[in-house]
Every structure is written in C-alpha cells, then in structure tokens.
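Structure record follows, encoded as structure tokens.
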Amino acid sequence: MTCGMVLELGLDGVVRSVRAPGAAERVAVEGEVRVEVRLLPLLPDGGMASLLRAALGSAGWIEGESGGLCRPVGDAMAVLEAGGTVVRVSRVAVASSLPGGVGGVRVELGVENARALTEAEATVRAELAAAVDGVHREAVMQRARALGDVESVTENGSAGGGYELTVVVRG
C-alpha cells in the first residue's frame, strides 16, 4: 500500500511544499518564490504589461502554455503570469534512494532547494529591475511624444538603484 504526505511551510513569501508519495521510494521537495511586479500606471489599457512582455521577450523569455512568459534560471523555472503582475520562480528537488532515511533526505533537499531558489530569485529580480526601468522609460517617452516634440532626454542612475529620467517637451 502506498502512502503519501503533503506538508505546506510558509516563510515571508516563500512557499515550500514537501511531498512524499510512496515515501519508501521517492522524496520530492517543491519550492516556489513569488516576486511581485509593480509598474506605474503610465499607459492605459494594459499598455504597461504589453511593454513588460516585450522587454522580457527580447531578454529571452518565451511564451508559456498559460499565456504567461517563462524562462529557465539554472535548474529553476521563472514564470511571469499572464496578468504581468507576478513572477513565480519554482524548483523541484527529487531523491529516489534514501540512505539517510526520509527525514534526512527531506532536510537535505529542502536546503538544496532553498539555496537554488535564492540564487534564481536574485537573477530574476535583477532582470525584472532592468526590464521595469526600460518599460517605465518607454512609457514616459510615449507620453512625452503624445504631448509634443521631445527636445531633450536626461537619464541619471544612482549606485543605490535609483533612476531619474528628465524629458523636455516642446508643445
């Protein structure tokens, strides 16, 4: 007879599910990190989400089955949901032989998963930050061109991650 178990653990936006179907045969640890994408509402009717999808598409993200965009990050998978407001970074670690017993394997897999997800999350956050800056810049430029002729554009970035864009428009 096969038995299974599902244990949900949550910590500050990180969700980890431990599943052990047929505990004597296989142990799998699933991990997921959810990254919120916040865009300023500079364009109407989903214009910001469209720009974000285009920016990520040019960075190598591909269309997924659910209408979102996805990209492998190491041995994890990053998926931008169809609405464009959340990226889920997920990974599954599996062990099929259990030399140290089920409990020991779960702990090892959990540590391995947490390390890999932390690295993948940092990569995804850096990509998203660059894409969001580009999206905001393009949206401001679209709005500026709608107002008149753009005379000059000045961009300044700070070491702390700040970004400033000044656009002078002649109307």
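The values are calculated or read from the model by the stated rules, or taken from the named source; none is laboratory data. Here the structure is a predicted model, which means the values were calculated and not measured. When we count neighbours, we look across all protein chains shown, and the Cβ atoms used for this are built from the backbone with ideal geometry, even at glycine.
The condition of being in contact with a Ser or Thr (Cβ under 7 Å, 6 or more places away or on another chain) and under 19 Å from PRO41 (Cβ atoms) holds for only one of ALA82, ALA144, ALA55, that being ALA82. Checked against the criterion of being exposed (fewer than 12 other Cβ atoms within 10 Å of the Cβ) and farther than 20 Å from LEU52 by Cβ, the range 125-141 has no qualifying residue. What is the residue count in the range 26-53 for residues that are under 16 Å from the mean Cα position of the chain (by Cα) and surrounded by fewer than 15 Cβ atoms within 10 Å (Cβ to Cβ)? Looking only at that region, the number is 3.
When you look at ALA129, is it closer than 30 Å to ALA28 by Cβ, not in a loop (DSSP other than H, G, I, E, B) and not basic (Lys, Arg), yes or no? Against the criterion (closer than 30 Å to ALA28 by Cβ, not in a loop (DSSP other than H, G, I, E, B) and not basic (Lys, Arg)), ALA129 does not qualify. Beta carbons closer than 8 Å, at least 6 apart along the sequence or on distinct chains, pair a first residue in the range 156-168 that is modelled with pLDDT under 75 with a second that is surrounded by 10 or more Cβ atoms within 10 Å (Cβ to Cβ) for GLY161/ALA129. Residues of the range 78-97 that are without any contact (Cβ under 8 Å) to a residue 40 or more places away in the chain, surrounded by fewer than 18 Cβ atoms within 10 Å (Cβ to Cβ) and not hydroxyl-bearing (Ser, Thr, Tyr): GLU81, ALA82, GLY83.
Taking residues in the range 44-69 that are among the hydroxyl-bearing types (Ser, Thr, Tyr), and partners anywhere that are assigned to a loop (DSSP other than H, G, I, E, B), the pairs with Cβ atoms closer than 8 Å and at least 6 places apart or on different chains are SER66/GLU81; SER66/ALA82.
Of the numbered criteria (1) under 29 Å from LEU43 (Cβ atoms); (2) within 29 Å of the chain's Cα centre (by Cα); (3) in a strand (DSSP E or B); (4) among the hydroxyl-bearing types (Ser, Thr, Tyr), the one THR154 fails is (2).
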